[in-house]
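Shown next, in structure tokens, is the structure this report addresses.
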Amino acid sequence: MLRVGLTGGIASGKSIIGSFFERRGAHLRRADQEAHRLMLPGGPVWSEIRSRFGESILDEDGTIDRKALARLVFNEPAARQDLEAIIQPRVIAAMRVEAARLQAEGRVDVYISESALIFEADQAEFYDRIVVAYCRPDVQIERLMARDEIDRIQAGRRLAAQMDPERKKARADYIIDTSDGLEDTLARAEAVWAALKEEARRGAGRRS
């Protein structure tokens, strides 16, 4: 089983690429979905997040308002670090357990873990290959503004809070540029998928 990390900055197109790989037959795990599950009321991290960030980030039913939490952590680096320290170890542990199970079962050729923080969390060496989703900063800001309904200043702050995409590209095995629209993105993803399938078939080893 080829273990592939799919990463990239916010609004860079990771989810589109991940969904494409899943349709092609990969087993896809999304770190964001795991984090959302952990944050549900009564979940493993709900009380820790409430204690750290207060009642202002809760909806009336006690659910964590992720948009309110995002506004807070992207404006305060220490808060973002605290949130990642609460959530990331559990997300990573769950991913490793699942990958080990699938490896043992032998039914999956390509395992994709989609996560924005593979490099930041020092998880790159776990994967056999790393795919980085990238788009031009101007496109990324426009996408982020539309997706999260925020202004340009807020979008710029969120991009600035993340790891420089050029550093991620420098450490990638494959780069998929999503700047030029869906059709072009999927064509690039198709080429990368073909390469990953071939590496899985050959039993390609870990990254050097």
### Task
At 7 Å along the Cα-to-beta-carbon direction for both LEU40 and ALA121, put a label point, then send me their distance in nm to one decimal.
1.9 nm
### Summary
Most exposed to least, judged by fewest other Cβ atoms within 10 Å, SER115, SER56 sort to SER56, SER115
### Task
Please work out how much length the chain gains when fully extended from GLN33 to GLU198, using 0.36 nm per residue of separation minus the C-alpha to C-alpha distance, in nm with one decimal.
56.6 nm
### Message
Quick check: pseudo-label points 7 Å beyond the Cα along Cα→Cβ at MET163 and ILE16, how many nm apart are they?
### Response
2.2 nm
### Query
If you average 1/r over every pair of different alpha-carbon atoms in the chain and take one over that average, what Kirkwood value in Å do you get?
18.0 Å
### Computed label-point distance, nm, for sites ASP148 and GLU105 using a 7 Å Cα→Cβ extension
3.4 nm
### Task
Decide, for segment 43-117, between rounded, prolate and oblate: order the square roots of the alpha carbon gyration tensor eigenvalues as a ≥ b ≥ c, take rounded if a/c falls under 1.5, and otherwise choose prolate if a/b is larger than b/c, else oblate.
prolate
## Note on the structure
Taking the square root of 5λ for each eigenvalue of the C-alpha gyration tensor of segment 154-208, the equivalent ellipsoid has semi-axes, largest first and in whole angstrom, of 27, 18, 7
### Task
Could you pull out every residue, at least 5 positions away or on a different chain, whose amide H is within less than 5 Å of the one on LEU6? Hs are placed 1.01 Å off N in the peptide plane, and Pro or chain starts have none.
SER113, GLU114, SER115, VAL131
### Message
Students often forget the sequence filter, so: which aspartates and glutamates lie under 14 Å Cα-Cα from LYS169 once same-chain residues fewer than 8 apart are removed?
### Response
GLU120, ASP177
### Task
Output ³J(HN,Hα) for segment 128-134: one whole-Hz value per residue in order, computed from phi by the Karplus curve 6.51 cos²θ - 1.76 cosθ + 1.60 with θ = phi - 60°, and x for Gly and Pro.
7, 9, 10, 10, 10, 7, 9
### Message
Could you order the peptides 145-156, 62-73, 96-107 from most to least packed, using the average number of other C-beta atoms within 10 Å per residue?
### Response
62-73, 145-156, 96-107
### Message
Could you work out the percent of alpha carbon pairs in segment 5-77 separated by over 17 Å, rounded to a whole number?
### Response
54 percent
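Values in this text are rule-based calculations from the coordinates and carry no lab data. This one's a predicted model, so the numbers in the text were calculated from it and none came from an experiment. For neighbour counting, all protein chains shown are included, and Cβ atoms are generated from backbone atoms with ideal geometry for every residue, glycine included.
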